[in-house]
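Structure first, then comments.
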Amino acid sequence: MSGGQGRLRALGRGVLALVCVIGIVALAWLLLVVYPQDLTTLLGVVLVVSLLPLAVRAGGSVASAVLPGYNVAEVAVEGPITRSTGGSLVSSPTGADADAIVEQIERADSGAAEALLVKLNTPGGEIVPSEDIRLAAERFDGPTVAYATDVCASGGYDIASGCDELWARRGSIVGSIGVIGSRVNVNDLADELGVSYEQFTAGEYKDAGVPLKELSEDERQYLQGIVDDYYDDFVDTVAEGRDMDPQRVRETEARIYLGGEAHDIGLVDEIGTREDVEDRLEQHLGKSVSVREFTPSLGLRDRIGGGAASVAYAFGAGVASVFDDADGFDFRL
């Protein structure tokens, strides 16, 4: 949005907000001061004064709704992609909370945003949370442009596949279209410590992947089959979203590429700066753009909880995370 247009829009919001404030104060004065004909007048004056902050907020809200100061919403996906665990002491204090990001995309879609800019700087993460963000981007009613800054890998690339375009810098790391399943094997350590594994289960594969016992060949094939199924879904998602041949996607073999090479092989649409991306959004909308960053608002409880989680993660996750999953196996994009 040009400087002149921005100043005019800001002036318009200011005038509209002032009109709303004057109207609310005038109405309150009539109802609480002029109309009463007894000693309640003094109380009315006090009430009018107390309504001023509310009037200012209401006026600002009306002005922002009628004359919004943005037409593009920016939502960032930064760090490992996960889902809020509701205060688990061993969860990482940093990363991209899928539920919060989806909420911001939906809030932008229900507001004044005509286009969505998804800023990506993530190595990937959990599979379903990554898909949730991608689906939210796909549902957005308007052009969606993904912009890779430093890293757009794995689950991050899954999200980018749900956008209309993907931009990157020449030095961005892009790709890693693959799936990893991992487990910690502490069976030998348990033997050295004299720890034996005993578990009662119903179902042959219920404890497949538990770190205190060796994998049988059947269990290994079973778990590898799950990884392969996830990979097939990932390839199909990328092929459909990026309009690529599925075999060409598989041929990347989960490699990572610098932005320039990723562009050459079709994993990225354009190479450019943030300013170039905004120019592209102007082409999509046919007018100047003003970008507003949508971020989750954290209450006092969340901020305190985040600080406590940071301490717990630093001292506890190294050991506790080994036993975090019920089956000891972790799948990630």
> Right, VAL118: assigned by TED's automatic domain parsing to the domain that holds THR252, within 17 Å of ARG255 (Cα to Cα), crowded, with 20+ Cβ neighbours inside 10 Å and at pLDDT 95 or above or not?
Replying inline: no
>> Suppose we filter the range 128-141 for residues that are buried (at least 20 other Cβ atoms within 10 Å of the Cβ), over 13 Å from the mean Cα position of the chain (by Cα) and in a helix (DSSP H, G or I); how many remain?
In response: 0
>> Being of a type outside the set (Ser, Thr, Tyr) and farther than 25 Å from GLU251 by Cα is the filter here; which residues of the range 136-180 pass it?
In response: ALA136, ALA137, GLU138, ARG139, PHE140, ASP141, GLY142, PRO143, VAL145
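Kindly indicate whether any position in the range 182-199 is touching a Lys or Arg at 6+ places or on another chain (Cβ under 8 Å), assigned to a loop (DSSP other than H, G, I, E, B) and buried (at least 19 other Cβ atoms within 10 Å of the Cβ). Full working, then the answer.
Residues of the range 182-199 that are touching a Lys or Arg at 6+ places or on another chain (Cβ under 8 Å), as a first pass: 182, 187, 197.
If we keep only those that are assigned to a loop (DSSP other than H, G, I, E, B) as well, we get 197.
Checking the rest, the ones that are also buried (at least 19 other Cβ atoms within 10 Å of the Cβ) come to none.
Within the range 182-199 (the criterion being touching a Lys or Arg at 6+ places or on another chain (Cβ under 8 Å), assigned to a loop (DSSP other than H, G, I, E, B) and buried (at least 19 other Cβ atoms within 10 Å of the Cβ)), the answer is no, since none of the residues qualifies.
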>> Would you confirm whether or not the range 142-163 contains a residue that is assigned by TED's automatic domain parsing to the domain that holds THR237, in contact with a strand residue (DSSP E or B) (Cβ under 7 Å, 6 or more places away or on another chain), assigned to a loop (DSSP other than H, G, I, E, B) and within 14 Å of GLY79 (Cβ to Cβ)?
In response: no
> Which of the residues belonging to the range 238-274 are within 23 Å of TRP167 (Cβ to Cβ), of a type in the set (S, T, N, Q) and surrounded by fewer than 19 Cβ atoms within 10 Å (Cβ to Cβ)?
Replying inline: THR273
> List, please: which pairs have Cβ atoms under 7 Å, are six or more places apart or on different chains, and start with a residue in the range 229-256 that is assigned to a loop (DSSP other than H, G, I, E, B) and end with one that is surrounded by 14 or more Cβ atoms within 10 Å (Cβ to Cβ) and small (Gly, Ala, Ser)?
Replying inline: ASP245/ALA239; THR252/GLY175; ALA254/SER176; ALA254/GLY178; ARG255/GLY175
>> Given the criterion surrounded by 19 or more Cβ atoms within 10 Å (Cβ to Cβ) and of a type in the set (Asp, Glu), identify the matching residue among GLU282, GLU278.
In response: GLU278
>> Scan the range 208-218 and tell me whether some residue there is outside any loop (DSSP other than H, G, I, E, B) and either more than 23 Å from ILE133 (Cα to Cα) or under 26 Å from the mean Cα position of the chain (by Cα) (or both).
In response: yes
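The values are calculated or read from the model by the stated rules, or taken from the named source; none is laboratory data. Keep in mind that this is a model prediction, so the values were computed, not measured. Glycine also receives a Cβ, built like all others from the backbone with ideal geometry; neighbour counts cover every protein chain displayed.
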